[in-house]
1. Is the stretch 336-345 home to any residue that is modelled with pLDDT of 90 or more, surrounded by fewer than 19 Cβ atoms within 10 Å (Cβ to Cβ) and either farther than 22 Å from Gln196 by Cβ or assigned by TED's automatic domain parsing to the domain that holds Leu404 (or both)?
2. When you go through Lys430, Lys416 one by one, which is the residue that is modelled with pLDDT of 75 or more, of a type in the set (Lys, Arg), surrounded by fewer than 16 Cβ atoms within 10 Å (Cβ to Cβ) and in a helix (DSSP H, G or I)?
3. Could we say that Glu66 is assigned to a helix (DSSP H, G or I), of a type in the set (D, E, K, R), within 23 Å of the chain's Cα centre (by Cα) and not assigned by TED's automatic domain parsing to the domain that holds Phe160 here?
4. List, please: which pairs have Cβ atoms under 7 Å, are six or more places apart or on different chains, and start with a residue in the stretch 158-187 that is of a type in the set (Phe, Trp, Tyr) and end with one that is at pLDDT 60 or above and in a loop (DSSP other than H, G, I, E, B)?
5. Considering every residue within the stretch 281-289, establish whether at least one is more than 22 Å from Leu112 (Cα to Cα), modelled with pLDDT under 80 and of a type in the set (Ser, Thr, Tyr).
6. Would you be able to tell me the number of residues in the stretch 181-219 that are over 18 Å from Leu103 (Cβ atoms) and in a helix (DSSP H, G or I)?
7. Taking the stretch 185-212 as the region of interest, how many residues are more than 21 Å from Val155 (Cα to Cα) and either surrounded by 15 or more Cβ atoms within 10 Å (Cβ to Cβ) or among the small types (Gly, Ala, Ser) (or both)?
8. Identify, please: which residue in the stretch 1-19 is among the hydrophobic types (A, V, I, L, M, F, W, C) and at pLDDT below 90 and is, among those, nearest to Tyr92 (Cα to Cα)?
Amino acid sequence: MTTDKTIPQKIGKYKVIKEIGRGGMGVVYLARDPFIKRPVAIKTAISDTAGDPKALARLQQQFFNEAQAAGKLDHPHIISVYDAAVENDQCYIVMEYVDGETLKKYCDKGSLLPVKRVVEIVFKCAKALDYAHRQGVIHRDIKHSNIMISKKGEVKITDFSIAMVEASDSTQPVGLVGSVRYMSPEQLREDTLTPQTDLFSLGVVMYELLAGAGPFPGESAHAVIYKIINEEPVPLSRQRSGIPKSLEAIVTRVLEKEPEKRYQTGIEFASKLSVAFSHLRLSDKEIGQQEKFNALKRIKFFKDFTAPELEEVIKASIWTKFSVDKHIITEGGIDDSFYIIVSGKVMAKKQGKPLAVLESGDCFGEMAYLGKTERTASIVALSDVMLMKINASLMDQASSNTQLRFYKVFVTTLIKRLTKTSELLCQTGKTG
């Protein structure tokens, strides 16, 4: 493989225009797709593996891991992968071209972005990571140089070369891989990784963008590792004046040492930013069609639905989000909507007294959906919640097959709910 700075005229079918990036393992070129007539970015390897079949195999695996991980994802804030190939022992990946720069320069005290802009960027990254995690992809290398901003202000997460892909049939990268300054404590300990490791890394980036310095500085990798595992970062308010207390609290939580103390999902992280900064909105329009489709596939209620049926259900529903303590349904109200919890937890209350806690995959509002009757209980968000609201009149417009499957599961769910309620009433009667 080429190790000098000679620019090839072509890579595969793509005409190379110029070099736009270079790192320790690869070079990125701006090129043009001759068939679709669009600019693309092509990432190639520069490591010399000549005469070393094992080294070549490892390099190819790294490249195809990135292609597989990013290729599974279709999100406006994640770089798109169009193609991947090996040609004359050269590995390359063809990606969406982003005309812009990484966040690196904005992590310096001399060129900090406004607080509001930093929050917007992290908000978009948190939503993108939430989507990736629900597709079974953990990035593992979130850092300032792997997040790009285009000249139009678009945010894109890049470089999935060491990502972990759930249920992958290929060899996954193992060991201590990634950038030490952005690693979570569990990543440094080589413990089992969860999506919280990416949220921790995003928290490090957020801290850098706000403070102009890292939360765990050190002159050596060993010193950095010690601080990440054992020490708390300097409070943001001491690094930069004018940082809202609500924002400082959000950064503190996402940088917690223990994963269970951090935000559990990217949406929860984004929702907290949305609550703290009123200009941010988690609207139905921001939840993409593919994101909705993939979310439904993970919910037990829809496990037997076909792809066309799921698409019809999505058309018959409205996706809404509520922050903690918000009332979703008020006792005594009347409507014909049925709700399914996509993420988060809610509390059902009757006359102010707690009845039950419902979480992701659970549903409520069955009786009102059937008969447009008064709501017999109030529903309050216990955390940031994403709900799927199904309207009876919209469902009536779906095909007969979709309606039949929907109502079959709906009735089964309703019977289980009524049976459970009867059992609780019997228990109450015995103890009363």
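The values are calculated or read from the model by the stated rules, or taken from the named source; none is laboratory data. Not measured: the values here are computed from a predicted model. Counting neighbours? That spans all protein chains shown, and the Cβs are built from the backbone with ideal geometry, glycine included.
1. yes
2. Lys416
3. Judged against the criteria, Glu66 is a match.
4. Close Cβ pairs satisfying both conditions: Phe160/His139; Tyr182/Ile142; Tyr182/Lys143.
5. yes
6. 6
7. Final tally of qualifying residues: 6.
8. By that ranking, first place goes to Met1.
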